[in-house]
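Written below as structure tokens is the structure these notes are about.
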Amino acid sequence: MSVEEMPHQLRHVAESFGIDAGRYDRARPPYPDELIQHVIAASPGTDFLDVGCGTGIGARQYRASGINVLGVDVDARMAEFARQTGVEVEIGKFEEWDARGRSFDAVVAGQAWHWVDPVLGAGKAAEVLRPHGLLALYWHVFDPPAEVAEPFDEVLNRVAPDGPLKSPGLDLQQRNLNRAVDGIHAAGGFGEPEQWRFEWQRHYTRDEWLDVIPTFGGYNQFRPAQQEELQAGIGAAIDAVGGSFTMGYTAVVATAVRT
């Protein structure tokens, strides 16, 4: 099985996002409120563990709804940013993290579970969840309109056809979700997983979208000249449609209840 099929093996990518934690927090979209509220409603209580919490984007959304959140992240730079926004975070790889006897009503992971071993991670979640606790794993799917999607693809294929940057489209995120579900089945300790979907939109100016691009996994593996060419090409594509566009989003979600 290749590392593309098992992305949790790409530790250098998983641990690279803190290079510019401020940009990540500023540019990455939050989660749709409908998703956040569905997770809260499905949880038996208000003590949450946020795996791969990053800068605390999702954790702050839960906290705003009255949830107690503890974050776990491998990147100390991301964790420090989250702490500065009021989120409590511990450093560690989730599969090896010491819960010190603590338990939780829900274990959640947004845009992060693909960096976790799907079987060991589900097993660890089962260990720290209280009876009937919820495991909720979710990813953003990008669905740009055709007038920018095609130029975006052309630029990427021209600049680095074999490069590490991957747009988080439906195929990629569905594979992440499928791996998560398989891991839950293999680990045991959970009821049959469910899958949810939530759709929303977000409008981007040229500069706002160019701010998002460097937050994608693998971007920092490009040479500076490639980064410049990629930014220029994508910027020109957005300029060609008037300087802004509306991105369609779908959140794909896998949930399971601790038995």
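Take the residues in the stretch 76-100 that are touching a helix residue (DSSP H, G or I) at 6+ places or on another chain (Cβ under 8 Å) and without any contact (Cβ under 8 Å) to a residue 24 or more places away in the chain; name whichever of them is most open to solvent (accessible area, probe 1.4 Å). Per the criteria, the residue is 91. Considering the stretch 214-243, the residues that are among the β-branched types (Val, Ile, Thr) and more than 30 Å from residue 182 (Cα to Cα) include one that is farthest from the chain's Cα centre (by Cα), namely 241. In the stretch 44-61, which residues are assigned to a loop (DSSP other than H, G, I, E, B) and either open to solvent by 30 Å² or more (accessible area, probe 1.4 Å) or out of contact with any Gly (no Cβ under 7 Å at 6 or more places or on another chain) (or both)? Listed by number, the residues that qualify are 44, 45, 46, 52, 54, 55. Comparison of 208, 192 shows that the only residue that is acidic (Asp, Glu), out of contact with any strand residue (DSSP E or B) (no Cβ under 7 Å at 6 or more places or on another chain) and surrounded by 14 or more Cβ atoms within 10 Å (Cβ to Cβ) is 208. Filtering the stretch 66-110 to residues that are more than 16 Å from the chain's Cα centre (by Cα) and within 18 Å of residue 31 (Cα to Cα) leaves 66, 67, 68, 69, 70, 85, 87, 106.
The values are calculated or read from the model by the stated rules, or taken from the named source; none is laboratory data. Every value quoted in this text rests on a predicted model; they were computed, and no experiment measured them. Reconstructed Cβ throughout: ideal geometry from the backbone, glycine too, with neighbour counts over all protein chains shown. Only protein heavy atoms, including side chains, enter the accessible area calculation; ligands, DNA and RNA are left aside. Shrake-Rupley method; radii C 1.70, N 1.55, O 1.52, S 1.80 Å.
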